[in-house]
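A.B. asks: Before we start, here is the structure in question, set down as structure tokens.
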Amino acid sequence: MTSRFSSLGHDSTLRREARDWLLLLTSGRATTDDAAGFKRWCTLSTEHAQVFAETRLMWENLGTAARNVRQQEQAAAAPASRRMTRRAFLGGAVAASAALLVAQSPLHLWPSLPDAMADYRTATGEQRQIELTSGVVVEMNTQTAMNVRTSAGRVVGIELLTGEIQLQVSSALAGSFDVHALQGGIHVASGALCNVRCLDGRVQVTGLDGNVRVDYQGRSELLGRAQQTAYGSQSLTPVAPADTDQAVAWRRRVLVFDNRPLSEVIAEINRYRPGRIILTNDVLAARKVHAQVSLNQLGDVASLIHQAFGASVRSLPGGIVLVS
């Protein structure tokens, strides 16, 4: 901690402003006007930019930061007249403090630099349909980033950086359409439909219709309808039956949990809501959950956890919720 950081009181005007900017930029409500305002604020002096960077680092130690941030200091939600685009964000907020995206974001509250610069990206809670080329339609789930691969001016595949997609390839398309994820290859035949999930260093592929071939580290598996395989830190797993309703429940804006530890349930829910739910009780984390959660009711999740498990729930600014 620098001497300048120590010399500024926790309740100094400059530090309160830095916390307000941090909360706004991680709220999911930031607009292009907000990005421009943040850039102007950072350029007022070197101290402004330094204090913001120091505030960001404090949030990485949530225990300290959460106790210091007061509920009434949460920035009032400004009307989002226009949601900030990827280019505007990179040209505004990131230009003022590029290190925010290069480094690991506090609690994963904003995207990494490669994700932010992807050809296509969905924000927290956003789902999006894209027709990449004639006969190829991609449904993107929340917090998904992908780049398009072309050859001779033609779209031939995508690189899935993170997140989850459902890919449909028309039977009219000649040949297969390729998905590259974590050094693996997923080759989707014409007329096929599949779901691909790339999270936490693991890729899971579920066949929904037609034929899908998965290649990884010299091994291959062929998937048909309702079949699944995965790869990542370990080799490609053998083909296994898949619960397709559960795999694509997100397309119905529902999350289905069947005998899953609460820690995994919360990790999944965190992908869909601004801020973050943080579980601090190991015994509670291991409790098993059978539930269906509507994406339209995620604001009630903390209360449901409290009612179901008797957990202590504490809400903090920026959508942070401590569960113990």
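A.B. asks: Does residue 228 satisfy the criteria of being in contact with a Pro (Cβ under 8 Å, 6 or more places away or on another chain) and either assigned by TED's automatic domain parsing to the domain that holds residue 207 or in a helix (DSSP H, G or I) (or both)?
C.D. replies: yes
A.B. asks: I'm told residue 222 meets every condition in (1) surrounded by fewer than 16 Cβ atoms within 10 Å (Cβ to Cβ); (2) at pLDDT below 95; (3) hydrophobic (A, V, I, L, M, F, W, C) except one. Can you identify the failing condition by its number?
C.D. replies: It fails just one condition, (2).
A.B. asks: Return the residues of region 275-298 that are within 26 Å of residue 18 (Cα to Cα) and not in a loop (DSSP other than H, G, I, E, B); say none if nothing qualifies.
C.D. replies: Matches in region 275-298: 276, 277, 278.
A.B. asks: Here is a follow-up. Would you confirm whether any residue within region 233-256 is modelled with pLDDT under 90, touching a helix residue (DSSP H, G or I) at 6+ places or on another chain (Cβ under 7 Å) and under 30 Å from residue 22 (Cβ atoms)?
C.D. replies: no
A.B. asks: Mind checking which residues of region 263-272 are closer than 13 Å to residue 305 by Cβ and part of a loop (DSSP other than H, G, I, E, B)?
C.D. replies: Matches in region 263-272: 270 only.
A.B. asks: Can you report the number of residues in region 170-198 which are of a type in the set (A, V, I, L, M), over 25 Å from residue 271 (Cα atoms) and not in a strand (DSSP E or B)?
C.D. replies: 5
A.B. asks: Just to be sure before I move on: is residue 196 surrounded by fewer than 19 Cβ atoms within 10 Å (Cβ to Cβ) and not aromatic (Phe, Trp, Tyr) in the structure I sent?
C.D. replies: Answer is no for this residue.
A.B. asks: Another one. Scan region 126-169 for residues that are closer than 17 Å to residue 270 by Cβ and surrounded by fewer than 15 Cβ atoms within 10 Å (Cβ to Cβ) and report the count.
C.D. replies: Of the residues in that region, 0 qualify.
A.B. asks: Could you go through region 283-298 and let me know if any residue there is at negative phi, outside the structural domain of residue 162 (by TED's automatic domain parsing) and among the charged types (D, E, K, R).
C.D. replies: yes
A.B. asks: Moving on to the next point. Give region 302-319 a look and list any residue that's under 11 Å from residue 287 (Cβ atoms) and either touching a Lys or Arg at 6+ places or on another chain (Cβ under 7 Å) or not in a helix (DSSP H, G or I) (or both), or say none.
C.D. replies: Passing the criteria: 309, 310, 311.
The values are calculated or read from the model by the stated rules, or taken from the named source; none is laboratory data. Source: prediction; values computed, not measured. Using ideal geometry, Cβ is built from the backbone for each residue, glycine included, and neighbour counts are taken over all protein chains shown.
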